[in-house]
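Reviewing the structure listed below.
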């Protein structure tokens with residue numbers, strides 16, 4: 001029997017810590033939080049989803065043990081030679097599940113990196129999955145066929161940013177409209193209960209203090225985005 005469940009997946013966290021040291025001195029602390037999903041679906045699609053996040057976690061650990069380690073060693077050596085205090089580097093990933101039902105799973109992962117300066121930076125990664133297939137979903141699947149959904153999302157984001165500026169609730173760069181279009185990416189989209197979220201990385205359209213700007217475009221059955229019904233089991 002083909003098994004498709006509209007029930008939410010359950011999730012547990014695998015914490016993967018790592019300490020990078022030199023001569024007993026901490027150079028960098030790492031904590032990767034990897035999601036592991038379980039649920040009433042066929043094993044193969046679920047395994048594909050879990051393998052994706054396992055590979056993602058391993059990629060972060062490789063980055064920390066190579067490029068980030070070398071950067072920390074260089075900074076530590078420079079600090080020692082010039083008698084400056086050394087602040088240990090840091091890498092941490094955390095995931096947030098934004099939608100989890102009706103055969104759809106959506107989440108984003110924030111990867112925080114600190115290299116000893118005034119503040120760190122956060123890079124966000126987002127995914128939308130069709131659970132029964134174990135395959136990522138394109139944002140286009142949530143709009144009527146033929147819809148120029150990219151233009152719709154860009155226009156909605158620019159309109160929301162304009163409103164926030166006029167209300168004094170957010171600050172964007174002067175040419176924010178052009179930047180919203182320039183830095184639009186279909187990879188920077190996830191689903192929430194109230195709508196499709198379009199986000200921009202730090203510094204892309206706004207100052208650092210604004211963090212990661214997120215625009216949630218409400219669901220609309222006619223023009224989209226809209227959620228498809230959960231398929232029935234057969």
Residue 147 vs. criteria without any contact (Cβ under 8 Å) to a residue 12 or more places away in the chain and more than 24 Å from residue 57 (Cβ to Cβ) | no
Residue satisfying condition, being within 16 Å of residue 211 (Cα to Cα), touching a helix residue (DSSP H, G or I) at 6+ places or on another chain (Cβ under 9 Å) and surrounded by 15 or more Cβ atoms within 10 Å (Cβ to Cβ), within set 149, 172 | 172
Checked the stretch 188-201 for anything surrounded by 13 or more Cβ atoms within 10 Å (Cβ to Cβ) and either closer than 20 Å to residue 97 by Cβ or touching a helix residue (DSSP H, G or I) at 6+ places or on another chain (Cβ under 6 Å) (or both); matches are 188, 189, 190, 191, 192, 195, 196, 197, 198, 199
Any chance the stretch 32-49 includes a residue that's outside any loop (DSSP other than H, G, I, E, B), under 23 Å from residue 71 (Cβ atoms) and assigned by TED's automatic domain parsing to the domain that holds residue 115?
-> yes
Which listed residue is crowded, with 17+ Cβ neighbours inside 10 Å and in a strand (DSSP E or B), from 69, 92, 12, 19 | 92
Which of the residues that make up the stretch 26-38 are surrounded by fewer than 17 Cβ atoms within 10 Å (Cβ to Cβ) and either modelled with pLDDT under 95 or closer than 19 Å to residue 101 by Cβ (or both)?
-> 36, 38
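The values are calculated or read from the model by the stated rules, or taken from the named source; none is laboratory data. Treat the numbers as computed from the prediction; the structure is a model and nothing was measured. Here Cβ is always computed from backbone atoms with ideal geometry, including for glycine, and neighbour counts include all displayed protein chains.
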